[in-house]
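Undergrad: Just dropping this structure here.
We did not get these values from a lab; they are worked out from the coordinates using the rules stated. Quantities reported herein were computed from a predicted structural model and do not represent experimental measurements. In this analysis, Cβ positions are derived from the backbone assuming ideal geometry, glycine residues included, and neighbour counts consider all displayed protein chains.
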């Protein structure tokens, strides 16, 4: 089964390079990373990145409204128009989170064994500052969902709770398994890398504007992934590698 990991990104060049490095380090190779750069400062891929593994789309204009994006939900809605036809499973590979090399492998295994449209391990790692713990939470980046289900339910056209529509749909239809024996492979980060979290003040009407104002790292405009050694060093420092 082929997996697509979605990385919506804007003004987080350093985090994005780390994300691509973690993706290329994944043990499950029948997978593709779709980077949707919604900044008007376009990026390009380093020439060493295999084009059959990483897709880069630069677009800062809402495809329906024909004007700059105003919500994260609209960004994710538009991403659905770029899904490769041969993809079976989707997960969200957020640029500010960390993913162990077995993340996709364990997710595919869990989804197949579940017999449902979506799967997640019951717990994931939560990294705050230098403190790491296990947390039982929805944590959307830990969920693996079949492509047809994500298309069916879609995204909320909001900011911070844009994933609510498809998550609630899965729960309502009892099509998601939360497995207590599932191995945690997502490390959800909080308070690191000076990254603005829209979920930190989800009720604010200025949430999307704040997300834009705090996302100004455009780097050199060339996405150069972290090396395998750098990824290994990161997880060893967290005592997870």
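Undergrad: In deg cm²/dmol, rounded to 500, what helix-only [θ] at 222 nm does the chain give when every DSSP H run of at least 4 residues adds -39500 (n - 2.57) and the total is split over its residues?
TA: Here the helix-only value at 222 nm equals -7500 deg cm²/dmol.
Undergrad: How big is the equivalent ellipsoid of the range 81-188 along its three axes, where each semi-axis is √(5λ) from the Cα gyration tensor, reported in whole Å from largest to smallest?
TA: Computed over the range 81-188, the values are 21, 16, 14 Å.
Undergrad: Counting only DSSP beta bridges with both residues in the chain, what percent are antiparallel, rounded to the nearest 5?
TA: DSSP beta bridges in the chain are roughly 30 percent antiparallel.
Undergrad: Next up: Quick check: residue separation of residue 53 and residue 228 times 0.36 nm, minus the Cα distance between them. What number comes out in nm?
TA: Contour length minus the Cα-Cα distance gives 61.4 nm.
Undergrad: A further question on this structure: Is the shape of the chain rounded, prolate or oblate, going by the alpha carbon gyration tensor and its root eigenvalues a ≥ b ≥ c, with a/c under 1.5 for rounded and a/b larger than b/c for prolate?
TA: It is rounded, given that a/c, with a ≥ b ≥ c, falls under 1.5.
Undergrad: Efficiency by 1/(1 + (r/R0)^6): what FRET value for residue 80 and residue 131, r their Cβ-Cβ distance, R0 = 30 Å, to the nearest 0.05?
TA: Efficiency for this residue pair is about 0.25.
Undergrad: Determine, for each peptide in 56-67, 14-25, the mean count of other beta carbons within 10 angstrom over its residues, then list the peptides with the highest first.
TA: Ranked from most to least packed, the peptides come out as 14-25, 56-67.
Undergrad: With a point put 7 Å past each Cα toward its Cβ, work out how far residue 172 is from residue 65 in nm, to one decimal.
TA: A separation of 2.4 nm, rounded to one decimal place.
Undergrad: How would you rank 35-41, 72-78, highest first, on the average number of other Cβ atoms within 10 Å across their residues?
TA: 72-78, 35-41
Undergrad: Here's something else I'd like to know. I need to check one value: relative contact order of the range 97-172, counting alpha carbon pairs closer than 8 Å and at least 6 residues apart, in percent.
TA: So the answer I get is 22 percent.
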